[in-house]
Amino acid sequence: MTPLLTAALAGAAGCLLAAAALRPVRRTIPYLGGMTLAAVTAGATVAATVAALGPPDRRVSAVLLAAAAVALLGLIEDVGALPLATRLIVESVAAGGVVLCGVQVTLTGDWPDGPVSVMWIVAMTGAHALLDRLGGALAGFAAVTGAGIAGAALLLADPALAVSAAVLSGACLGFLPYGRRRGRVRLGPSAALFAGFALTCLPVALAAGRGPAAMTAGMLAPALALVLGARLYGVRPRRWAGGGRRGVPGGVSGDARRGVRQGGRQGVRRGA
């Protein structure tokens, strides 16, 4: 089986499994959506890799395990309060784990690459979670970004990363039918942290060891895509309370204001 066909089938399987598993979860325990995403992504990735490519890749295994740990952190945050310092510490430890497994920024080839990798992964993971919280657009964004990473991995002859990115893309695509508006569904803290962590680590793993130019592209491309998604799709200005037009205090619409004026004029005429 060719790597392209393997990645395509793995992505389709991830989409179908996520859509099927989320139906009962959304109705009973909605905050378990993140763990569902983690389980579907990890399970489909391992199954497709073992069936078509051989033993699981060390980098992919490290990314999935660390992302699952971060997703568990998001589950705790979804159920109850979680201090920001605790979240940053756990995310930093998870990022340090993937760095030790070879998923790190290779700009200088020296020790500063490690701390830069940890800070970059933590910052980008938080940015993905913020996009989900503000606009509910992370599911669609993650599906498109994951597909792009999978395509780049296939071009660079890295099928293991291509399969994992394709599965994550398909799994995020499986979230979309459960949104209230087309293309908009909040993943929740757990799923957003999982997707953000994985989408940050996979391009870094793909570009590691390929030179500073490739690493710069691997870091900036997801960041620019995230900014573009937030600008064009994710973050929308909130309307005033009451459902009226923006700029009208109290949400009073133009028709209501015209009605008030007409009523006032009629009252003046009757009084005259």
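The values are calculated or read from the model by the stated rules, or taken from the named source; none is laboratory data. These numbers come from a predicted model, not from an experiment. Cβ atoms come from the backbone with ideal geometry, glycine included; neighbour counts cover every protein chain shown.
A few points about this structure:
- Annotation: of all residues in segment 122-141 being without any contact (Cβ under 8 Å) to a residue 60 or more places away in the chain and over 21 Å from Val105 (Cα atoms), the one that is surrounded by the most Cβ atoms within 10 Å (Cβ to Cβ) is Ala139.
- Qualifying residues in segment 134-176 (those that are at pLDDT below 90 and more than 12 Å from the chain's Cα centre (by Cα)) - the one nearest to Ala8 (Cα to Cα): Gly174
Results for (1) in a helix (DSSP H, G or I); (2) in contact with a Cys (Cβ under 7 Å, 6 or more places away or on another chain); (3) among the small types (Gly, Ala, Ser), shown as yes or no for each residue.
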| position | (1), (2), (3) |
| --- | --- |
| Pro55 | no, no, no |
| Ala67 | yes, no, yes |
| Ala71 | yes, no, yes |
| Gly102 | no, no, yes |
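- One residue from Pro203, Pro237, Pro212 being modelled with pLDDT of 85 or more and either of a type in the set (Val, Ile, Thr) or exposed (fewer than 14 other Cβ atoms within 10 Å of the Cβ) (or both): Pro212
- The lone criterion from (1) modelled with pLDDT of 85 or more; (2) closer than 22 Å to Arg133 by Cα left unmet by Leu32 is number (1).
- For segment 58-72, residues that are surrounded by fewer than 22 Cβ atoms within 10 Å (Cβ to Cβ) and over 26 Å from Leu82 (Cβ atoms) total 2.
- Failed criterion for Asp78 (all others in (1) within 17 Å of Thr125 (Cβ to Cβ); (2) outside any helix (DSSP H, G or I) hold): (2)
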